[in-house]
Amino acid sequence: MDMTKVQARSGKHNLADLEAMREGFDWEEVKKDFSWYKTGKVNAAYEAIDRHAENPDKKNQVALLYSAPEREESVTFEQLSKQSNQTANIFKKYGIQKGDRVFLFMPRSPEFYANFFGILKVGAIAGPLFEAFMEQAVRDRLEDSEATMLITTPELLGRVPVDELPHLQQIVLVGAEELPEDDYIDFDTEIKEASDEFDIEWVDREDGMLIHYTSGSTGKPKGVYHVHNAMIQHYATGKWVIDFKEDDVYWCTADPGWVTGTSYGIFAPWLNGVTNVIRGGRFTPESWYETLDKFNVTIWYTAPTALRKFVSAGDELVKQYDLSSLRHVLSVGEPLNPEVITWALRVFDLRIHDTWWMTETGAMLIVNLPSMEIRPGSMGRPIPGVEAAIVDNEGNELPPNQMGNLAIKKGWPSMMRAIWKNPGKYESYFINGWYVSGDSAYMDEDGYFWFQGRLDDVINTSGERVGPFEVESKLIEHEAVAEAGVIGKPDPERGEIIKAFITLNPGYEASDSLLEEIRQFVKTGLSAHAAPREIEIKDSIPKTRSGKIMRRLLKSWELGLPTGDTSTLEE
Ligand code: ATP
Ligand code: MG
């Protein structure tokens, strides 16, 4: 198989000619699909939920298909609309107003989504926190955002330093058998009494909708502020890139504590009126295959860290499930290793479509559209209406095939509007009209972008610049290697040498000869200068809770340096 050019060949896709759309593209055209374009009344919760609930043909369609080990439930658009009216009434009763920050610290459940939209319906700003956060991570985010209300569960309450957060005035407890003290708001009682009618708070498209904290891969997480206007791009990328049709069953595996879990776990599917699978509980390859099979998922948006685990789990496992309903698979969060694309073509007979974007960008920017030829290892090309380039540190565009800063022309619809309470940080992203991402990449002659690494992660060895990603990708092609994290280690002679940390697949034993074999494998398969001089076997590779390899931690450990902010480190 020629892996350098994988053609779109699935008859199931809508291969609309988005290439042609790039010419003379205008976001104004996309806006016409929203009801506010006609009415002037804006609220993303209305567009995502209530609009469908008011439509006799759509209201009884399942919006949310919830599945967790001990609970299964389906919620229609009409039900979700009413439930979020009820939560909005609770928030209003307790004095929540437009612009207030209301944070959610609870597992994925139907109540999470009802609360989320209730927050938007009163015009407040939602701040979803990942349920596995420990006390320090919760404290930092509630302090920074000055949230006045928190919605949580009795199980998680112990991680909230309630008495040390002066701004936090109210705590709503969901699923409490009995209330610890009477100054908590009991969700289960309130929801029974709350009316399911609510006059939604109409807002401005530039009013706040969400604060998301970044993953913390490169340092202290930043509070990224998004406004209702982002819905334009959530909707459009859902339509073009995720290829939503009204009868799709879609599953985005990300938790709403991360931006993927809101932009593509909430807004994109529901703005497009699609049935959305929400799965609680832990990841195992078996349980995820089971979810795809059981709900006849047609579109699946997931991440390289999970996909690599599927590859390691082997081809025999996947054969035990009927995954024939699946028609489209997408990935985000980390570079997508070519090995994973080869595997998917073999086991699913489907391509995996990589998408690149960040918390700060709010939505996809560089993607593989269904109509595009895929070049494994490349993130693809910018969506219509977005201009991307590789620039130097002064914001000057660099020619093709030169590594530099991946940058986007300022001003796409879902761009963050602030770093919360940190205008200096916000300004620092912009140079010469470009949003500079902090990722390094190059662009080929055909306009495909190739991720190299985080700027800080690029390795300078004997005068050559090596991106850790291509070394990691080559390493995991070796049958013994499950995962790899690659760093530059200071070296008096070479500037830096390449050091790789790997985990082994089941059935492989560590030995000097195996390490040498792996080294030779990279040397002959990639290049001599990119072959790691040192390889160390570990039981696991440190990752953020959103599943990203934390190379800065590998480096700090290796060099005996302070580890910095580890609030998002996976256990
Ligand atoms: P922090 O900003 O706190 O260090 P983070 O950058 O990991 O954390 P996110 O906003 O969740 O936080 O992740 C965005 C980053 O994820 C991008 O800057 C990029 O490095 C990486 N990323 C996302 N998608 C892709 C992709 N398709 N290919 C390569 N890298 C990707
Ligand atoms: Mg970042």
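Please treat every number below as a calculation from the coordinates, not as lab data. No experiment lies behind these values; they were computed from the predicted model shown. So basically every Cβ, Gly included, is an ideal-geometry build from the backbone, and we count neighbours across all protein chains shown.
Which order, highest average first, do 78-90, 25-37 follow once you tally other Cβ atoms within 10 Å for each residue and take the mean per peptide?
78-90, 25-37
Can you divide the C-alpha Rg of the chain by 2.2 N^0.38 Å and report the result to two decimal places?
Rounded to two decimals, the normalised Rg is 0.96.
Please work out the Cα center distance from the range 496-543 to the range 391-425, rounded to the nearest Å.
Here the two parts' Cα centres lie 34 Å apart.
On average over all directions, what projected area in square nanometres does the range 132-281 have, based on the convex hull of its Cα atoms?
11.4
Modelled label-to-label distance, Ala510 and Asn460, 7 Å Cα→beta-carbon offset: nm?
3.2
What is the gain in length, in nm to one decimal, between Ser325 and Asp446 on full extension, counting 0.36 nm per residue of separation less the C-alpha to C-alpha distance?
Extra length from Ser325 to Asp446 when fully extended: 40.2 nm.
In Å, the Kirkwood hydrodynamic radius of the range 294-443 over pairs of distinct alpha carbons?
17.0
Determine the relative contact order of the range 339-439: mean sequence separation of Cα pairs under 8 Å and six or more apart, normalised by residue count, in whole percent. If you can, show how the numbers build up before the last one.
On the way: 136 pairs, mean separation 20.3, N = 101.
It rounds to 20 percent for the range 339-439.
For a footprinting-style exposure proxy, rank Arg205, Arg465 by other Cβ within 10 Å, fewest first.
Taking fewest neighbouring Cβ atoms as first place, the list is Arg465, Arg205.
So what is the relative contact order of the chain, in percent, for Cα pairs below 8 Å that sit 6 or more residues apart?
After rounding, I find 13 percent.
Name the long-range amide H neighbours of Glu387: under 5 Å, sequence gap of 5 or more, or other chain; modelled H, no Pro or chain starts.
Under 5 Å from the amide H of Glu387: Lys409.
What spacing in nm lies between the two simple spin-label points modelled at Glu164 and Lys409, each 7 Å away from Cα in the Cβ direction?
4.8
Under the 0.36 nm per residue contour assumption, what length would be gained going from the current alpha-carbon distance of Asn296 and Arg346 to full extension? Walk me through the numbers before you get to the answer.
Working: separation 50, 0.36 × 50 = 18.00 nm, distance 1.98 nm.
Taking Asn296 through Arg346 to full extension adds about 16.0 nm, to one decimal.
Taking a label point 7 Å from the Cα of Arg533 along the Cα→Cβ vector, which residues of the range 463-479 have an amide N closer than 12 Å to it?
Residues 463 qualify, since their backbone N sits under 12 Å from the label point.
Calculate I(q)/I(0) for the range 198-299 by the Debye formula, one identical point scatterer on each C-alpha and no solvent, and give its log10 at q = 0.11, 0.20 Å⁻¹ to two decimals.
Cα-only, vacuum Debye calculation for the range 198-299: -0.41, -1.10.
With 24 Å as the limit, write out which pairs from Lys239/Lys319; Lys32/Lys245; Lys409/Lys543; Lys31/Lys220; Lys239/Lys425 have Cα-Cα distances beyond it, or answer none.
Details: Lys239/Lys319 31 Å; Lys32/Lys245 18 Å; Lys409/Lys543 30 Å; Lys31/Lys220 36 Å; Lys239/Lys425 33 Å.
As for pairs spanning more than 24 Å Cα to Cα, those are Lys239/Lys319; Lys409/Lys543; Lys31/Lys220; Lys239/Lys425.
Using 0.36 nm times the number of residues separating Gln402 and Asp182, minus their current alpha carbon distance, what extension gain do you get?
Additional length available on full extension: 73.0 nm.
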